[in-house]
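Below is one structure, written out as structure tokens, with a few remarks after it.
The values are calculated or read from the model by the stated rules, or taken from the named source; none is laboratory data. It should be emphasised that the depicted structure is a prediction, and the values quoted were computed from it without experimental measurement. No Cβ is skipped: glycine too gets one built from the backbone with ideal geometry, and neighbour counts run over all protein chains shown. Side chains are part of the model used for accessible areas, which takes the heavy atoms of the whole protein and leaves out ligands, DNA and RNA. Shrake-Rupley method; radii C 1.70, N 1.55, O 1.52, S 1.80 Å.
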Amino acid sequence: MAGIEQLGYDALRQRLQWGSRPNKYLLKMTTPPGISMNNDELLAFCKGASIPSREMGVAEVWIQGRKIPVPGDAKFAGTWDLTFYNDKNHNLRKQFEQWIEFMDSYSEHRREFSGTSYWADKMTISQLDAQNQLVENATWEFYHVFPSGISAVDFGADSNDQISEFTVTLTYGNFKRIL
């Protein structure tokens, strides 16, 4: 057990080292066949990401008017929001739109994907080292990922000095930390 000496400034600074920086991250995706998502664009244009929450369900067992909490089933949030900048031609957004169109063409009532080939096999997000951004300190893999929503892109005469952006809501089966 740590003693009170571990609470001091120097001890904390030594344990933290450079710390974890939320603006140092790497995003990679293996897309389904037919979707030519460019991982360089994903990385360059990803303005914001996160690690979704994970929860443990709780079952309540009652005995003589008192409840005993018992661990239930683990739950994943199931959706993951990523915010991207638009380039001048909205190319990255176009890829996500095409992915959704391939899953279900609204006007033509067709689906381009067969079986379960509509999802990305895996998608990873890594926390990069604050001192050396070539080192991944923590990595999470997401499985069975597909876009379930693309936000609106707002235009406005008063939107000076801004880059257009959009948010993609991805749905996933599960994720796990691999590093």
Original post:
Does residue 20 count as of a type in the set (S, T, N, Q), without any contact (Cβ under 8 Å) to a residue 40 or more places away in the chain and closer than 24 Å to residue 177 by Cβ?
Top reply: no
Original post:
In region 102-141, how many are within 29 Å of residue 54 (Cα to Cα) and among the small types (Gly, Ala, Ser)?
Top reply: 6
Original post:
For region 80-87, does any single residue satisfy the condition of being assigned to a loop (DSSP other than H, G, I, E, B) and under 17 Å from the mean Cα position of the chain (by Cα)?
Top reply: no
**OP:** Mind listing whichever residues of region 47-72 are among the charged types (D, E, K, R) and either under 30 Å from residue 22 (Cβ atoms) or within 13 Å of the chain's Cα centre (by Cα) (or both)?
**Re:** 47, 54, 55
Original post:
What residue, among those in region 130-141 that are closer than 27 Å to residue 31 by Cβ and part of a loop (DSSP other than H, G, I, E, B), is modelled with the highest pLDDT?
Top reply: 135
**OP:** Being in a loop (DSSP other than H, G, I, E, B) and under 22 Å from residue 84 (Cβ atoms) is the filter here, so list the residues in region 10-25 that pass it.
**Re:** 21, 22, 23, 24
Original post:
Any idea which residue in region 142-161 is farthest from residue 53 (Cα to Cα), counting only those that are open to solvent by 40 Å² or more (accessible area, probe 1.4 Å) and part of a strand (DSSP E or B)?
Top reply: 150
Original post:
How about region 22-48: which of its residues are open to solvent by 40 Å² or more (accessible area, probe 1.4 Å) and in contact with a strand residue (DSSP E or B) (Cβ under 7 Å, 6 or more places away or on another chain)?
Top reply: 24, 25, 28, 30, 39, 43, 45, 47
